[in-house]
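Have a look at the structure below, then the notes.
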Amino acid sequence: MQDRLRSTGLYSDDFDVVAVAGSEVVGNALGWLDDMTATGLIEPVGVRQPHRRRGIATAMVAEVTSRLLRAGADRVRINWELGTPAETIYRSLGYGDELRMSVLRPPPAPPSAGRW
C-alpha cells in the first residue's frame with residue numbers, strides 16, 4: 001500500500017497521522033498537498049469502532065490541517081456527507097461550505113427476466 005501511495009505525485013508521509021492506543025492502531029488520517037494550487041486535501045479519515053467518540057478524529061484532522069497549512073497550503077478541503085458525525089467534527093474545526101457537489105448514484109439494476 002505504501003508503495004502505491006508513494007507512486008502518486010501528491011503523496012507525502014509528512015501529512016500522515018496515526019492514532020495509537022497501547023500497541024493498537026486505532027485511527028489514521030492522510031493529507032495531500034498540491035503545491036501547484038496550494039490546496040490541501042484530507043482523506044481518508046478513520047477511527048476503529050470501539051475508539052470512536054473520544055476526540056481521536058478531531059485531533060487527527062486538526063494535526064493534518066496544521067501540517068498542511070505550515071507546508072504552504074492556503075486552503076484545505078475535506079469532504080463529508082451532511083448530517084453525519086463527520087460533519088460535526090469538521091465544522092467544529094472551522095471547516096465550512098465552499099462549493100456544492102452533485103453525486104450520481106446509478107439506479108438499481110432492473111429485475112432479471114423471469115423474476116416476475
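Things worth noting here:
- GLY72 being modelled with pLDDT of 95 or more and on the phi > 0 side of the Ramachandran plot: yes
- Scanning segment 12-63 for residues that are within 23 Å of GLU81 (Cα to Cα), of a type in the set (D, E, K, R) and in a strand (DSSP E or B) yields ASP16, GLU43.
- Close pairs from segment 39-55: first among the charged types (D, E, K, R), partner exposed (fewer than 14 other Cβ atoms within 10 Å of the Cβ), Cβ under 7 Å, at least 6 apart: GLU43/ASN79
- Qualifying positions in segment 25-51 - more than 8 Å from the chain's Cα centre (by Cα) and of a type in the set (A, V, I, L, M): VAL25, VAL26, LEU33, MET36, ALA38, VAL47
- When we screen ARG67, ARG77, ARG48, ARG53 for residues that are touching a Gly at 6+ places or on another chain (Cβ under 8 Å) and at pLDDT below 95, the only hit is ARG77.
- Just one of the numbered conditions (1) over 18 Å from ILE89 (Cα atoms); (2) buried (at least 16 other Cβ atoms within 10 Å of the Cβ) is not true of ASP35: (2).
The values are calculated or read from the model by the stated rules, or taken from the named source; none is laboratory data. Since we're looking at a predicted model, the values are computed, not measured. For neighbour counting, all protein chains shown are included, and Cβ atoms are generated from backbone atoms with ideal geometry for every residue, glycine included.
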